[in-house]
Every structure is written in C-alpha cells, then in structure tokens.
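What follows is a set of notes on a single structure, which appears directly below.
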Amino acid sequence: MTSKTPHSDQANAIAYCPALFLAAPASGQGKTTITAALARYHRDLGRKVRVFKMGPDYLDPQILEQASGQPVTQLDLWMAGPEYCRHQFYLAAQQSDLILVEGAMGVFDGEPSSADLAATFNIPIALVIDVKGMAQTAAAVALGLASFRDDVEFCGLIANNCGTQRHAQLIDDALAGRMPLLANLARDPEVSLPERHLGLVQAHEVREELEHRFNLGKAWLGGQAICDLPKPVAFTSQDIAAPQKLLQGTTIGIARDAAFSFIYSANTRLLEAMGAKLSYFSPLNDQHLPDVDALWFAGGYPELHAKKLAGNSSMLKDIRRFNALQKPILAECGGFLYCLEKLTDLDDTTYPMVGILAGQGAMRGKRGCQGMQAAMLPEGEVRAHAHHRSHSQNTPAPIAHGQRQRHPAPGEAIYRQQGLTASYLHLFFPSNPQAVAQLFTKPLQTTHSSAAIGSI
C-alpha cells in the first residue's frame, strides 16, 4: 500500500488528488473496460479510488462501482450543475488516493461535453482509441483532437485493440513525441464487458464474471505508463446548503431488483438526507408491498421480466390498493411501463401490468429516444433525461411535457392521476430537492393538457 499524499489545504479550501479523465473520439472505444481495469489495478494496490461517470448513465456506474469498491456518482454540468459537480469532486479529493472520470460518447459531443467537464475542473484527459484497422491514422486522430481546443489538456493516448507490438510502434512513431503513448492494449475479447440492447448488462447479473474480467484487465494493462498515478489536481470547495428535512417521518418504498435498477445513488442519498426512510422491495420476488408512505418505480428492464411481473398477482393487487388510497407514486421509464395496463416484450408477447394508468407499452427494437430534458412538473422544474426503446399508446392526456435541452419540440409526456406521477423521464433529484420532496408527500393536482398523445 502506498502512503497517501496530503490532500487538503484548509486555508485555501482546496483538496489535491491525482485525477484522470478517460475519453474517446466516439462510443464503443473501450472506455468502461479500461476505466474498470484501472480502478481495480489501483484498488488492489491498497489505494482508495473514486470513479465518476459523465452524463446520465446507470449501467456503467454499476460496473465501475464493483471494480473500485466505492460509490460511483454521475456528473453532468447541465443535469447536475457545476456547483454540484465541484462539491462532489472536492469531497472525493479529500478522501481518495485517485479520482477517475469516464467520459460519454465522443470527447467533444454534447452540450455540455466530456471536454467541458474536464476543462471546468482542469482534469487531464487520456484519450482511448480503438486502433483496430489503423496505425498512423490513430496518431493523427489523437493529435487532431488534442489541438481542437486549447482549454483541454490531453496527457496521452491509450491504443485499444492493438494487434502487435509492431502495430503499437507505428502509432508511437507517428505521435513523434507530441503525445505519450500511455498504453497499447492487445485485442482480448475475454476482457471486454458483456452487452445487451440498452448497453451493458447489469453488474449484479454477472458479478462473478466481472470479477474474472477485472483480474484479466489488470494483467492486460501490464504495468504500462497508464498505471502510474497521474498528477494531483486542485479541487476547490463549493458551499452547498444541507437539504431541508422535508421528508422526515416519510418511508419510501423503492422497487429494486433485476427489473428495476436504474437508480442514481445521488437520488437515494438526497432522500435520506431529507429525512426519508428507504425500504427496498422486489416486484418480481416479493408477494406484498412493505409498509410505506410512498412508492418509487425507477427504470430498468421490465420487458425482460414481463411474464414474472404479470404473474405476481398479489404484488399487483397491493400496488392497485396503494394507488386507490391516492398515496404518492413516482414511476420512471421502465416503472412507467409497469404501471400501464399492458406491456409487449421483445418477443411480441403481451402481458398485463399494474394498470393504474391507462395505456399500453411496447418495445420497438433498436429505435428509441434519448437526450436531456427538464421535467416541467407542477412542483417545479427537475432536470432529467430520457433513454428508452419502447413506446406507449392510448394513454390519457398528459399534464405536462419535458422540455428538451436543445430542441423546441415537446419532450416526453408527463402523466398524473391521483397520487401517481409517471413519465419516461429519469429525474435527477438534487436538481430540485423541494419539488422532489413534494412528489413523495403530496403531488400537486392540475388539469390535464388539452391534447392526448397517442404514441411516444
């Protein structure tokens, strides 16, 4: 175990910690695999590693949390805000030996992009490029990206899927000392992470397999330069007021199992900070609801478990009775589909669901919707995102729509009946704690919008 570098300068409210941002020219370059391998490498040396994930992602953080052994928080300058991001980095820097950040999509894609996050906090970027099918061109791509903006520091290239040492040498020679080649990683399908239709498989489903791949990943890195601790980065403090105890005495039942698992750790931490007691239950496996004051059905993969969900009749009855009492229910994406009358899965088989909101949901293959939106709720604006490959139809008139970040067209429909608030949107609770607290106590009742949506 290496000794810890002093991290904090209390006089200046600055915390220092080695930090590295892993980004790529596009999705599918191997960022998650490499970030997980690097986190496990340093963890096994006795270092405390905190990993952050850029953007609204649920699946990668599950992988990275298992690899690092520490909670993984999603950071986005729009969804979470710069103050929240600054606060999270500062707290991590005070307690950690290494901070890793995994980017999203291409390094300059999105508004804000991975590059924006890295530049805001002066974190150097290691560029991950899948070099299969190219040699000197990989160097050209890397150097071109590095010169695109002068406010972003690129500290080196990780050449993934490198065929041979000669292949790596061609890339390094083309870099000509203008950028270090931090690692050349051989093609090894045994190291890559398993995938499915919305991305990676959930970590809890393949926990032992992941452990095997993490161990292979450590050897895969091979002690190359990427394994060295990066330089310390100065993270400044950010004053954020402690949340009010608006949920004191409220018990919230949270659906969490193989069908419902898209839950931001930031959301549950906020609920607890506001005084809520959290009670987790499984719509798949539990026969009855726990004794709670409110329910939260988050996103997940209900379409993969539709038959079993439909067959748990006692749970369906409990939820219907709970709703009939007009108690608060928040249903997001997969949770929204579960609350509809019917759901058609990927095999085109239709199953009955809870039925507390009129309408039917159906999967639609590879077509889908994604992007940042603000949920324009009666309680206030809550930042959110959408990511789904399904549609709903014959639903009631929505009370509101999401507001897209960069497009004038209406976003996802938001429904409210009795205490139920349902939508495809995944809410980021810290963006408006007061509004979220009201969702779980007494949602505001409003009139429906003038036009129903037939299909979204």
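Key figures for this structure:
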quantity: Dipole of region 251-439 [Lys/Arg +1, Asp/Glu -1 at C-beta], most positive-end residue of Phe429, Ala255, Ile329; calculated: Phe429
quantity: 15 Å beta-carbon shell around Tyr415, net charge (K/R +1, D/E -1); calculated: -3
quantity: Calculated from backbone phi, Karplus (6.51, -1.76, 1.60) coupling profile of region 137-143 in Hz, x at Gly/Pro; calculated: 4, 4, 5, 4, 4, 4, 5
quantity: Entries in Lys277/Lys308; Lys245/Lys442; Lys277/Lys327; Lys307/Lys327; Lys245/Lys277 that, when Cα-Cα distance is taken, lie over 19 Å; calculated: Lys277/Lys308; Lys307/Lys327
quantity: Assigned charges on the beta-carbon of Lys, Arg, Asp, Glu; the chain dipole about Cα centre (debye); calculated: 500 debye
quantity: Cα centre as origin, Lys/Arg/Asp/Glu Cβ charges: region 249-312 dipole, Debye; calculated: 120 debye
quantity: Neighbour net charge for Pro433 - beta-carbon separation under 14 angstrom, K R +1, D E -1; calculated: -1
quantity: 0 to 90° range, to nearest 10: angle between helix 82-95 axis and the chain longest Cα axis; calculated: 60 degrees
quantity: Rounded to whole Hz, the Karplus (6.51, -1.76, 1.60) HN-Hα couplings of region 241-247, x for glycine and proline; calculated: 5, 5, x, 5, 7, 6, 10
quantity: Charge dipole (region 251-439, unit charges on Cβ, about Cα centre) - positive-most of Tyr338, Ala362, Ser282; calculated: Ala362
quantity: Neighbour cut-off at most 13 other Cβ (10 Å), DSSP loop, GluC sites (Glu not before Pro), region 209-293; calculated: none
quantity: Interchain or long-range residues, amide H under 5 Å from Tyr301's placed H; calculated: Phe260, Ser261
quantity: For the chain, calculated [θ]222 nm from helices alone, where every DSSP H run of n ≥ 4 adds -39500 (n - 2.57); calculated: -8000 deg cm²/dmol
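Coordinate-derived values only; no laboratory data. Every value quoted in this text rests on a predicted model; they were computed, and no experiment measured them. We place every Cβ from the backbone using ideal geometry, glycine too, and count neighbours over all the protein chains shown.
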